[in-house]
Amino acid sequence: MSSDIYKKFANYFFDYDMNINDLPKNKKLLDIIKKEEKRRILVLLRYKAKKSTKNKHYLYKIVNLKANTEVNPQSFYDLFNKFTTNQLKEYLHHCN
């Protein structure tokens with residue numbers, strides 16, 4: 001299968017809240033699903049930082065940035081991409 005098909009399935013997987021344990025054991029598919037999950041968490045974190053100064057202070061403190069610093073989306077994703085998915089989920093949970 002091509003990468004595009006895996007990416008489409010990963011989007012379908014998240015859009016319909018499927019259970020990862022119900023999937024066939026396919027390493028490439030699992031890697032793409034995990035990548036998509038991380039990407040979606042990063043998008044949510046950026047959204048929350050943009051909407052609330054409290055969240056912005058919290059998230060920027062994690063990556064040693066001043067709260068008044070303007071960060072473009074790609075830089076934001078690059079800064080937070082080094083964290084694990086579980087760490088990002090914790091940060092997201094804190095921002096709620």
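Every number in this text was worked out from the coordinates using simple rules, so none of it is lab data. None of these values were measured; they are calculated from a predicted model. Here the Cβ positions follow ideal geometry from the backbone for every residue, glycine too, while neighbour counts run over all protein chains shown.
How much length, in nm to one decimal, is gained on full extension between Lys8 and Thr69, taken as 0.36 nm per residue of separation minus their Cα-Cα distance?
Full extension of this stretch gives 18.4 nm more.
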ask   = With labels modelled as points extended 7 Å from the Cα through the Cβ direction, what inter-label distance (nm, one decimal) is found for Thr53 paired with Lys35?
value = 3.9
note = Surpassing 29 Å at the alpha-carbon level, of the pairs Lys8/Lys54; Lys25/Lys51; Lys7/Lys50; Lys8/Lys61, are Lys8/Lys54; Lys25/Lys51; Lys8/Lys61
note = With the charge dipole of the chain built from beta-carbon charges (+1 for Lys and Arg, -1 for Asp and Glu) about the Cα centre, the Cα from Leu30, Ser52, Ser3 projecting farthest to the positive end belongs to Ser52
query = What residue among Ile62, Ile41, Ile32 shows peak mean-square fluctuation when the chain is described by a Gaussian network model with Cα springs under 10 Å?
reply = Ile62
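Let me know the charge dipole size of the chain about its Cα centre in debye, to the nearest 20, where only the beta-carbon of Lys, Arg (+1) and Asp, Glu (-1) is charged. Walk me through the numbers on the way to the answer.
Numbers: 20 positive and 10 negative charges, 66 e Å.
Result for the chain is approximately 320 debye, rounded to the nearest 20.
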